[in-house]
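The values are calculated or read from the model by the stated rules, or taken from the named source; none is laboratory data. Everything numeric here is computed off the predicted structure, so don't read it as measured data. Here the Cβ positions follow ideal geometry from the backbone for every residue, glycine too, while neighbour counts run over all protein chains shown.
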């Protein structure tokens with residue numbers, strides 16, 4: 001799944017070249033070393049209703065029938081809507097409407113995922129990885145969005161989910177239990193994702209794992225999700241060697257130290 005990711009304003013050339021954003025829009029948002037979906041932050045997205053601008057939507061989709069912020073808070077405590085599964089999205093009571101009419105692009109620089117290793121009985125050890133594109137460019141997740149109105153105040157809240165697909169070869173090694181990955185849309189195709197004229201079949205064309213050869217990953221030291229605010233420098237994302245994983249991380253998609261493995 002995808003519950004933690006990063007956004008940094010460096011290396012945005014592909015997004016600018018493909019007219020997803022322009023250079024001036026980089027001032028609209030701040031860098032975030034690591035954000036947790038479980039905190040439901042407001043993050044920069046480009047939505048189908050206003051594709052020319054960057055807006056900040058709350059991570060965790062809330063259905064439009066919700067009538068107050070209090071009711072919304074209760075909803076997201078009960079239901080995890082940080083991710084929407086591509087294989088069932090058209091049948092989902094929550095997602096089937098937004099996937100047809102309310103799609104969005106979620107700006108991202110990299111994301112975090114964990115490999116699980118069984119150590120004793122039901123106990124497992126988790127190893128975090130930081131995953132990016134090989135060219136280190138910013139990219140976009142494919143997502144869906146929805147809005148609801150707090151009728152006590154008249155305030156409109158916009159929320160989103162990141163779509164996930166089956167894992168590619170790289171993410172199958174890392175996310176080895178559920179074998180999932182976020183939907184990454186190539187920059188050249190990204191603005192087409194927002195087109196209101198897309199049919200159900202057109203949308204399905206996008207719902208596939210991203211090309212493994214265009215991605216890389218590195219193991220990093222253990223992260224404490226409850227202490228994310230303490231990670232204020234990039235030091236926590238440095239390569240970390242786990243000898244028990246060395247036999248698994250043999251493909252050219254994994255970094256060894258500061259370099260990709262041959």
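Condition test on residue 44, is it within 22 Å of residue 136 (Cβ to Cβ) and in contact (Cβ under 8 Å) with a residue 40 or more places away in the chain?
yes
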Go through region 97-124 and give me each residue that's closer than 12 Å to residue 160 by Cβ and either in a loop (DSSP other than H, G, I, E, B) or at pLDDT below 95 (or both). 102
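Just the residues that are touching a strand residue (DSSP E or B) at 6+ places or on another chain (Cβ under 8 Å) and either outside any helix (DSSP H, G or I) or more than 22 Å from residue 50 (Cα to Cα) (or both), please, taken from region 199-221. Walk me through it before giving the result.
Applying the first criterion (touching a strand residue (DSSP E or B) at 6+ places or on another chain (Cβ under 8 Å)) to region 199-221 yields 203, 206-210, 214-221.
Answer for region 199-221, where residues must be touching a strand residue (DSSP E or B) at 6+ places or on another chain (Cβ under 8 Å) and either outside any helix (DSSP H, G or I) or more than 22 Å from residue 50 (Cα to Cα) (or both): 207, 208, 209, 210, 214, 215, 216, 217, 218, 219, 220, 221.
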If a residue has to be touching a strand residue (DSSP E or B) at 6+ places or on another chain (Cβ under 8 Å) and over 12 Å from residue 188 (Cα atoms) to count, how many in region 13-28 make the cut? 2
Selection over region 136-182 where residues are at positive phi and in a strand (DSSP E or B) yields a count of 0
Within the set of pairs 6+ apart or on separate chains, which have a first residue in region 131-143 that is surrounded by fewer than 21 Cβ atoms within 10 Å (Cβ to Cβ), a second that is modelled with pLDDT under 95, and C-beta atoms under 6 Å apart? 136/11; 137/11
Residues of region 84-96 being part of a loop (DSSP other than H, G, I, E, B) and touching a residue at least 24 places away in the same chain (Cβ under 8 Å), which ones? 89, 90, 94, 95
For residue 40: the one exception among (1) loosely packed, with under 14 Cβ neighbours inside 10 Å; (2) touching a helix residue (DSSP H, G or I) at 6+ places or on another chain (Cβ under 9 Å); (3) on the phi > 0 side of the Ramachandran plot: (1)
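Yes or no: residue 207 farther than 17 Å from residue 5 by Cα, modelled with pLDDT of 90 or more, surrounded by 15 or more Cβ atoms within 10 Å (Cβ to Cβ) and more than 21 Å from the chain's Cα centre (by Cα)?
Details: farther than 17 Å from residue 5 by Cα: yes; modelled with pLDDT of 90 or more: yes; surrounded by 15 or more Cβ atoms within 10 Å (Cβ to Cβ): yes; more than 21 Å from the chain's Cα centre (by Cα): no.
No: the conditions fail for residue 207.
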Enumeration of residues in region 222-257 that are within 24 Å of the chain's Cα centre (by Cα), part of a loop (DSSP other than H, G, I, E, B), at pLDDT below 90 and loosely packed, with under 11 Cβ neighbours inside 10 Å: none
